[in-house]
Each structure stands twice: as structure tokens, then as C-alpha cells.
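Heads up: the structure comes next, in C-alpha cells.
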Amino acid sequence: MFLDRFIHYLRYEKHYSRHTIISYHKDIKKYIHYLETDGFTVQTASLHQVRAYLSSLMAANLQARSVNQHISALRSFYRFLLREKLVTNNPTLLVKALKTPKKLPEVIPEDKLLALLDAKDTFSNDFPGYRDRLVMELFFGTGIRREELMTITEEDIDFGQGTIRILGKGNKERIIPITSSLIALLGEYMAIKKDQFMHNKSARLIVTNTGSNPYAKFVYDIVNHYLGIISSQHKKSPHVLRHSFATALLNRGARINDIKELLGHAGLAATQIYTHNSVERLKSIYKLAHPKA
């Protein structure tokens, strides 16, 4: 019962993303099962039980980043329980997150992406081809998240202003400018979509081959397929295009605060990871160009 109320709170009060809600639900369910196995409940568990649970995760060879995700879920869960007066203390207050190595975001080189998007034979000349091109162009042209792309409607496009309205995390709305070439592509795609699905009931901009609402794996598979043409790196996801968008802007002189607004980050810390990529790029150029490097 507590878990169901917590998930309802995340969905309708905190407006967390579907991905985060699924992750929190899974993590808290696992924690509750662990407590019950040892004869405890969320109301009787103490700091000792929480630490024992986290130790069991580490003993199962879970990476520090994954353990920290469990810690984040537990903290949020107990804060909710305290608010609802379902517990009298928060056993996660003294729990510290594990140190994790800084990991630079993976990106696709700008020249490779441009070559892929500009090539005449990359995408087929039919509805799926136009749709797939638009998906790739939207990700690299706006830096939006996969969940954000899946919820865009045709009404969110302002052709006159050359902008697109995005509903981000926590139902926060932001307006992103789009290029003239992307505006033209949107117009062509929407005309083909209308002819293809005259009776389509979906209000979403991006739809499947049958006119249905897009789903996470469908969008992922599109991106993974086309990035596979130009890259052999392990990660070929929509988020890689988001990273590539931010890195391209930074390398071309965009201010970090402006990139933060475009990405919809709540704080600057999340955006600053891209400065590391830029520094690494400068180091490479320096080593190649300087006579004493």
C-alpha cells in the first residue's frame, strides 16, 4: 500500500518521468522484499537495516552508480513516508552516496553526424524514411530527451516563430529555437503524415508505421540503427545525440548557461560535464599542434 501511494505521489505531485518512476518502483519493491525476508517493515527498519541492504547490493557486484540510484530512491521514499506520517524517523539521513568515477558523456563526432544527416541515401523516400530523418534531426538539432520527443504534438511547433515547445521533467515547459532546415523538414513530414494517416487519432508528432503513439524502444531502435552506420561505439542511444548536441554548441562558443536552458537542466552542475569534453578536445589539439607537446 505504501509503495502504491508513493508511486502516485511521484507521478501526480512530483511529475517525475516515466523512466524514473519505473526505476523507483523497482528499487523500493526490492528493498521492501529484503526487509520482509529479515522480518522487518519500512516502519521498523533502522539505519542498520538500510546499510545492510546497500551492502547486499554491493556484494552482488552492483556498480557504485547503481547503488547511488537505490539510495536516491530510498531517500525520496522515506521523505514521503515522513510527510504522510507513516514513519516517525528517516533511517536514510546518515547514508552517504558512494564515490563514483567521473565519466565523460559519449558523443558522436560532429562531422560524422552531419555526413549521415546530409547524405541523400541515408533515409528512404517514404513515410518511415521522413519520420526517421526527423527523429534524428530533432535529437541532434534540439538536444531533447527521448521522453520529451515522444510527447511532442503538432501543435507544439510554431512555424512562424521557428520554435518548438517542449514539456520536460516535472512538467516544466521550455521553448527551443529550431533551424530553417528543420522547419522545412517538419512541414514536409507533417504533410506526408497527413496523407499516410488520414484517420490517425494520435496527436503525437512522431508516430509508428501504423500511426500509433511512439514508445521508448521504438525511438531507441531508430537512433541505434542510424548511429550504427557511422559508429561502432557501444552506446548508440538518443541520449548520445543529446550529449552530441550540447558538446557541438560548447565547441562552437555557446555559453554554458544558454546550453543549460536549452537542455532543460535544473542546475548548472548537470551541464558542466560537457566542459570536460571540450577540455579533452583542446588537449588533443594542443598535443597535435604544439612543437613541444
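Quick check on packing: order 124-134, 170-180 by the mean number of other C-beta atoms within 10 Å, highest mean leading.
Output ranking for 124-134, 170-180: 124-134, 170-180.
May I ask you to evaluate 6.51 cos²θ - 1.76 cosθ + 1.60, the Karplus curve with θ = phi - 60°, for each residue of the range 156-163 and list the ³J(HN,Hα) values in order in whole Hz, giving x for glycine and proline?
Couplings: 6, 8, 10, 5, x, 8, x, 9 Hz.
Determine the distance separating the Cα centre of the range 227-280 from the Cα centre of the range 2-70; give it in Å without decimals.
Cα centres, the range 227-280 to the range 2-70: 30 Å.
Give the shape of the chain as rounded, prolate or oblate, defined through the alpha-carbon gyration tensor: a ≥ b ≥ c are the square roots of its eigenvalues, a/c under 1.5 means rounded, and otherwise the shape is prolate if a/b is larger than b/c and oblate if not.
oblate
Once a ≥ b ≥ c are taken as the square roots of the eigenvalues of the Cα gyration tensor of the range 2-83, is the result rounded (a/c under 1.5), prolate (a/b larger than b/c) or oblate (a/b not larger than b/c)?
Oblate.
Cα axis of helix 216-230 to longest principal axis of the chain: angle in degrees, 0 to 90, nearest 10?
Roughly 50 degrees between the two axes.
Report the charge-dipole magnitude of the range 100-220 in Debye, nearest 20, computed about the Cα centre from +1 at each Lys and Arg Cβ and -1 at each Asp and Glu Cβ.
Magnitude of the dipole: close to 540 debye.
As a footprinting exposure proxy, order K14, K85 by other Cβ within 10 Å, with the fewest listed first.
Arranged by neighbour count, lowest to highest, K14, K85 become K85, K14.
Relative to the longest principal axis of the C-alpha atoms of the chain, give the angle of the C-alpha long axis of helix 18-37, reported between 0 and 90° and rounded to the nearest 10°.
The helix 18-37 is inclined about 20 degrees to the chain.
I'd like to know which of A216, H25, L54 lies farthest towards the positive end of the charge dipole of the chain, counting +1 on Cβ of Lys and Arg and -1 on Cβ of Asp and Glu.
Checking the options against the dipole of the chain, the answer is L54.
Take the cross-link list K14/K112; K102/K260; K120/K193 and give me the ones stretching past 29 Å between alpha-carbons. Could you put the intermediate results ahead of the total?
Working: K14/K112 39 Å; K102/K260 19 Å; K120/K193 20 Å.
Table pairs above 29 Å Cα-Cα are K14/K112.
Among the aspartates and glutamates, select those whose C-alpha is under 14 Å from the C-alpha of K29, and discard any that sit fewer than 8 residues away in the same chain.
Within the straight-line cut-off, K29 pairs with D4.
Coordinate-derived values only; no laboratory data. Please read all numbers here as calculations on a predicted model, not as lab measurements. Positions of Cβ are generated from backbone atoms using ideal geometry, with glycine treated the same way; all protein chains shown enter the neighbour counts.
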